Amino acid sequence: MMKRTRGNTFRDLQIFAAIAEFGNYTDAATKLGIDAISVRRRISALEAKLNHLLVIKEGRNIRITPEGIELYQEFIQQERSFKEMLTEFQSTKQVKKDSLIDIVIPNGIIEYILAAKLPQYLQNNLDVRLNLTCDNLNTNILAEKYDFVILRTIPSQNQLVIKKLYNPKFYLYCTPEYKKCYGIPQTIDELSSHMFIHRTYANIKEQKYFYASNGFETITFVNNSRFGTSSSTTDKNIVMGNHAIVSGTDALYETELKQGKIIKIFPEYYFSDDSNGFYLIYDKNRPPNRIVQNLIDFIIEVFNVDHS
């Protein structure tokens, strides 16, 4: 077993391990961010402290002695255990009986994907409290210190962990009254002659093109829409006014479709645009503890099951 040492011995052991891994002083020094002379000096100090020869210089190369190999193997095992202990400690830090999670999620995802799911999660995890901010903006998670956010765009900050959730797909809808008054397009190209409401996104430039796909072919058409909104709720009110075609999902218009108040246009096609989809993001310097990670895993599973 390794004896407990004091001072800079642990750091010197890390330097020695880097030399054993790379087989030379230069690459080890580069990895450690110190100069090669300092590396040699620290190894000499370690050898004197342990009273064992660890490294033998052979021309431009080095060779690790049998004692050095034994020390290296013992050290990396201890270092691995130490890192595992730190990871476990970090994952459980601040996990209390009454754990509070602060998150930011866009309105549309909450209203039509997660609104019914999150209460179920809380019912099954009685030690969790949740503060949810519904926001479509590009939130500065480093400044605000949310546990995680879901965003439409990737922030410019460094040190972020980013997980792609999904690329939204939408369908087109209108009312029977709209069909009677204006007719409905018979081809994708005819959409340009109708009052089509397109989606706008905070901090994302207006989409120039839309795409219609039936699983076999994809049709690209220019966005000639004169009216854009950022809210599915607004779209729902607009379409019920009988003067426009809107995009959405069957889940959003489930009741209206069953009651015949809404017609699905081009049911064989789904539509998309050039927006970046949705991302789950958190600060790499503030990794989620166990309870936050459980919620992240739950949300990812919801998207995997319902939107794969």
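Go through the range 237-263 residue by residue and tally those that are under 34 Å from the mean Cα position of the chain (by Cα) and within 13 Å of F196 (Cα to Cα).
Count: 6.
Being among the small types (G, A, S) and at pLDDT below 80 is the filter here, so list the residues in the range 76-94 that pass it.
Within the range 76-94, S91 is the sole residue that qualifies.
Have a look at E47, E58 and point out the one that is outside the structural domain of N289 (by TED's automatic domain parsing), among the acidic types (D, E), at pLDDT below 85 and over 30 Å from P287 (Cα atoms).
Exactly one residue qualifies, and that residue is E58.
Take the residues of the range 45-70 that are assigned to a helix (DSSP H, G or I) and in contact with a strand residue (DSSP E or B) (Cβ under 9 Å, 6 or more places away or on another chain): which is surrounded by the most Cβ atoms within 10 Å (Cβ to Cβ)?
Checking each candidate, the answer is G68.
So D235 fits all but one of (1) of a type in the set (D, E); (2) closer than 17 Å to T200 by Cβ; (3) at pLDDT below 85; what number is the exception?
For D235, the exception is condition (3).
Give me the pairs, please: first residue somewhere in the range 222-242 and in the same structural domain as R152 (by TED's automatic domain parsing), second residue anywhere and surrounded by 14 or more Cβ atoms within 10 Å (Cβ to Cβ) and polar (S, T, N, Q), beta-carbon distance under 7 Å, and either six or more positions apart or on two chains.
If the second residue must be surrounded by 14 or more Cβ atoms within 10 Å (Cβ to Cβ) and polar (S, T, N, Q), no pairs are left.
Based on this model, can you work out whether Y282 counts as buried (at least 18 other Cβ atoms within 10 Å of the Cβ) and under 19 Å from the mean Cα position of the chain (by Cα)?
Considered against the rule, which asks whether it is buried (at least 18 other Cβ atoms within 10 Å of the Cβ) and under 19 Å from the mean Cα position of the chain (by Cα), Y282 comes out as yes.
Where the second residue is of a type outside the set (F, W, Y) and crowded, with 18+ Cβ neighbours inside 10 Å and the first is in contact (Cβ under 8 Å) with a residue 40 or more places away in the chain and lies in the range 34-55, which pairs have Cβ atoms under 9 Å and are six or more apart or on separate chains?
From the range 34-55, the pairs are K49/D12.
Give just the number: which of (1) assigned to a helix (DSSP H, G or I); (2) under 28 Å from the mean Cα position of the chain (by Cα); (3) at pLDDT 85 or above does R42 not satisfy?
Just one mismatch for R42, condition (2).
Would you list the strands (runs of 3 or more DSSP E) that sit entirely within the range 115-205 and hold 1 or more residues that are modelled with pLDDT under 90 and not assigned by TED's automatic domain parsing to the domain that holds I262?
128-134, 148-151, 160-166
Please determine, by comparing only the residues of the range 17-39 that are under 13 Å from G68 (Cα atoms) and not small (G, A, S), which one is nearest to the chain's Cα centre (by Cα).
Among those that are under 13 Å from G68 (Cα atoms) and not small (G, A, S), it is E21.
The values are calculated or read from the model by the stated rules, or taken from the named source; none is laboratory data. Nothing here was measured: the structure is a model prediction, and the numbers come from that model. Reconstructed Cβ throughout: ideal geometry from the backbone, glycine too, with neighbour counts over all protein chains shown.
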